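In what follows, a structure is listed as structure tokens, so that the remarks can point back to it.
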Amino acid sequence: MMRPRSAFARAVVATAILFLATTGRAAAWEGLAPYAEESDVLSTSPSTDDGAIGAMFNPAQWGVLEKPELSFFWSDENVRPNHMDQWGVTAGAGLGFTLRRHDRQFPGGARNVTDYQIGFGSGSGRHFEGMALGFSGPGKGAFARQNYFAAGDIARPTRWLSFGTTGRIALQGGDHDAGVDVGIRPLSDARITIFGDYSLSRGERWDDGPLAGGIEVRPIPGLQAAIRYGDQDRFQVTVGVVLDRAGFRATPHFDKDANLGATRYAIRLNPPIKGFDLDGKRNSKRRFVEIDLKGRVAYQAYRYWDPGTISLRGLTERIEFAIDDPTVGGVVLNLSGLEANPAMLWEIREKLLALKQRGKKVIVYADNLNLGKLYLASVADRLVMDPRGSLLMPGIQISRTYMKGLLAKLGVGFDEWRFYKYKSALEAFSRDNMSAADREQLQAVADDAYAELANGVAQSGRATREDFDRVVNEEPFLYASRLLELKWVDALGRADSVKAVVKMVGGRRARLASYPTLLERRWRPDEEWGPKPTLALVYAIGECAMDDGIKARASSKAIRQLRENRDVKAVVMRADSPGGDPLASDLVAGEIRALKAARKPVFVSQGRVAGSGGYWISMDADTITTTPFTVTGSIGVIGGWAWNEGFGEKTGFSSDRVQVGKSADLLGGIRLPILGATLPERNLDAAERKQIERSFAELYDDFTQKVASARRLDVARVRELGEGRIYLGRPAVENRLVDRVATLDETIEAAKRAAGIPEKRNVQVVEYPKAPLFRLPMFLRGVLGPAARANAAAGTLPLSAPGLSYEARVLQAILDQPGRPLLLIPGSVLPSELEAVP
């Protein structure tokens, strides 16, 4: 099926061809102002003279404009002495308006007419289209003006080619004309543009249509020069200058003997041409960007009405802007109310360190700190703390709640199918304390996380490692005044005191600036033609499930479409998953393998958790990056069986059945209300359990062999690293389970390089899934959420049902899918639970 945009473009081109093919005997310009006479305000051609002036001749230019432009143009060729007779105004973006005044000497005196045009344009990168309605005011009869409809199209398939078509038709009388033009940039940028245009009006033959062409150069930002040759050997020269976001250009016209005729002038506000950055020179490093971190840092925020969520990439983009912009001397962060897991804190901290490496400053205000926030704040050049603030950091602990006794009291039996030493995800149901293997791996995780945090603070110069350890063990709670004595903070003050700190750090003329205001003020037009290379960022977040969590069914389809889309040059997947269903995991992993086979670069950036099924979806990437706080590995399989061991007697429930098949009774039992799960009546017998063990061994063999193949390791080595053991990021790098420690932004840059995209080339990062529009009220989420209808039909809640703990959701998964192996990590290391106390 033809897409609407494509259909529109083809219709415009077909109309233009029809116009060009038409010949008649009417006056060549009667009813429509002739293009050759009107286009003398252009410096190049309609599809290459980007902006509101070009939109007068090709309304698709309204779609090219990123920001609204206002231009005023006039001529020194006047009919009446000391009067400005030939002038016009054009303004807009997307939707545009043009007014143009003409004066002409007629027998009996001078007359004038004002022509108007209302236009609309849209498009993106590769293709733009537009339409306009033109009409004239009083006096149009003397100028033989007719109201008309215009349509235009601009195609930019590459960085070096622009092709435009446009056509007009009078609404009465049948007059029409059309034009085509082309622009070529031999250097693939705006420094040199070679252009040409051709138009034909009703009544003209093919060889009657005027031709024009020339060359434009923009040797440096802010300077523009062009020469345009027209019919009858006439030519015009344009010289223009753009300072910040205001421009001026002059276009003198010459005849074939080089005699000067009229000169056209234009003043432009917000022209789509990069200007001399006077603001950057005048305000070098004088602005400090305010960044308020009140809220929860997440991968995506709702697009509307979600003030309590901060998107990770949105935040790092703000810091990146501060790094690149010459007027920014630093950033001011307010940590009050910040919620973020350690992996995200590390990503933010790394971005701030990159800013400092560019010679810029970081100022931080904090009220209450814990170990994680101190780790982030320690990067500051100047750390200001509220006088009533405090720091609580008794260290790190990882604890688990065990439910063996609870299940026994409820009359629920539980058999943990644990065939691999460290695969401890279900021991919370079968034990009343921590197993030796789980204690070993969790202690290693706690030690590694503590060392990363402590070393980060020590490397900032705010404390030695010895002092840090002493405070943790001897002074775990400190008020701001004590922190000032220790020189862990630089000053005490309220949030508004940072204004004085900014001037102290940045100089007398330094000042605070909000990011949205500064972003608007520092906007620079994109002069590049054609679609930008696209990188896809796929979020695989939550449990590995078919229609919830990572949504493997939809995600695998989306990844397949990205593989088939030639515009997508590389794929980055952010994996933040504790695992789950092996089928869901392998469905996504299979598409990652297909990307590799298609030689399209695919990178995985691991988030806070990428273990078990989360590691399965990671392992096949060309490159796996991780963070120092990522919990990964957990190569193993786990499962369990819950059954009625007195539950019916204690609660009054009972069940009965008929069956065909020796083990069919395992699928029946007491149907639990609310949860919608079934509690089987018995445990597996020895033969049935042997079959389970055999299926687990089969899946584990497949898992380890896939890891060995993907990571180029011996299977024996993978089995040694496996057994369900979890690792933090740096040990995972040492053991070659992942490639390196890197942020999500660094991973995207690496994927860009792998795709062969030049470092300075801008790219478009497309996220999947798209950020949702708005957050549903809590009481509606279970009713109107995406998986609600399917779960309601099955009589169950989704695995990620709000209000249920991780262990409760795991138990429900076991009841919902009895006998099936799971790829899960222990709930004790999920993001909300591995935090600095409290």
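The values are calculated or read from the model by the stated rules, or taken from the named source; none is laboratory data. Here the structure is a predicted model, which is why all the values come from computation and not from measurement. All Cβ positions, even for glycine, are placed from backbone atoms using ideal geometry, and neighbour counts span all protein chains on display.
Numbers for the structure displayed
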item	result
Any hit, segment 225-235, residues being part of a strand (DSSP E or B) and among the aromatic types (F, W, Y)	yes
Matching option when the condition is surrounded by 23 or more Cβ atoms within 10 Å (Cβ to Cβ), within 30 Å of the chain's Cα centre (by Cα) and of a type in the set (S, T, N, Q), among S188, S199, S162	S162
Residue count for segment 495-553, restricted to those that are outside any loop (DSSP other than H, G, I, E, B) and within 30 Å of D189 (Cα to Cα)	11
Residues located in segment 301-326, provided they are touching a residue at least 40 places away in the same chain (Cβ under 8 Å), surrounded by fewer than 16 Cβ atoms within 10 Å (Cβ to Cβ) and touching a strand residue (DSSP E or B) at 6+ places or on another chain (Cβ under 6 Å)	Y304, W305
Residue, farthest from S612 (Cα to Cα), within segment 559-584, restricted to residues that are of a type in the set (A, V, I, L, M, F, W, C) and touching a Ser or Thr at 6+ places or on another chain (Cβ under 6 Å)	V568
Residues located in segment 177-205, provided they are more than 19 Å from L161 (Cα to Cα) and assigned to a strand (DSSP E or B)	D177, A178, S199, L200, S201
Yes/no for S460 being surrounded by 18 or more Cβ atoms within 10 Å (Cβ to Cβ), among the hydroxyl-bearing types (S, T, Y) and more than 21 Å from S695 (Cβ to Cβ)	yes
Residue under evaluation M385, criteria (1) modelled with pLDDT under 95; (2) surrounded by 23 or more Cβ atoms within 10 Å (Cβ to Cβ), criterion not met	(1)
Of the criteria (1) outside any loop (DSSP other than H, G, I, E, B); (2) out of contact with any Leu (no Cβ under 9 Å at 6 or more places or on another chain), which one P81 fails	(1)
Residue within segment 21-29 that is more than 46 Å from the chain's Cα centre (by Cα), modelled with pLDDT under 95 and more than 21 Å from R145 (Cα to Cα) present	yes
Residue match in segment 721-738 (condition: touching a residue at least 60 places away in the same chain (Cβ under 8 Å) and farther than 24 Å from E440 by Cα)	no
Pairs with Cβ under 8 Å, 6+ apart, first in segment 230-243 and at pLDDT below 90, second part of a strand (DSSP E or B)	G230/L211; G230/A212; G230/Q236; D231/L211; D231/A212; R234/H253; R234/F254
Candidate set: segment 101-133, residues that are in a strand (DSSP E or B), out of contact with any strand residue (DSSP E or B) (no Cβ under 9 Å at 6 or more places or on another chain) and among the small types (G, A, S); chosen: the one nearest to E77 (Cα to Cα)	G109
Positions within segment 410-464 being of a type in the set (G, A, S) and in a helix (DSSP H, G or I), in sequence order	A428, S430, A436, A437, A444, A446, A449, A451, A454, G456, A458
Matching residues, segment 293-305, being touching a Leu at 6+ places or on another chain (Cβ under 8 Å), part of a strand (DSSP E or B) and over 17 Å from E320 (Cβ atoms)	G295, A298, Y304
Matching residues in segment 206-224 - criterion: being under 20 Å from D181 (Cβ atoms) and either part of a loop (DSSP other than H, G, I, E, B) or touching a Gly at 6+ places or on another chain (Cβ under 9 Å) (or both)	G209, P210, L211, A212, G213, G214, E216, R218, Q224
Residue pairs meeting the criteria (Cβ under 6 Å; at least 6 apart or on separate chains; first under 16 Å from R820 (Cβ atoms) and assigned by TED's automatic domain parsing to the domain that holds L811, in segment 678-695; second at pLDDT below 95 and part of a helix (DSSP H, G or I))	P680/L666
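One line per residue, one yes/no per condition, for (1) on the phi < 0 side of the Ramachandran plot; (2) more than 18 Å from the chain's Cα centre (by Cα); (3) not hydrophobic (A, V, I, L, M, F, W, C):
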{"position": "I291", "(1), (2), (3)": "yes, yes, no"}
{"position": "G295", "(1), (2), (3)": "no, yes, yes"}
{"position": "D325", "(1), (2), (3)": "yes, yes, yes"}
{"position": "V331", "(1), (2), (3)": "yes, yes, no"}
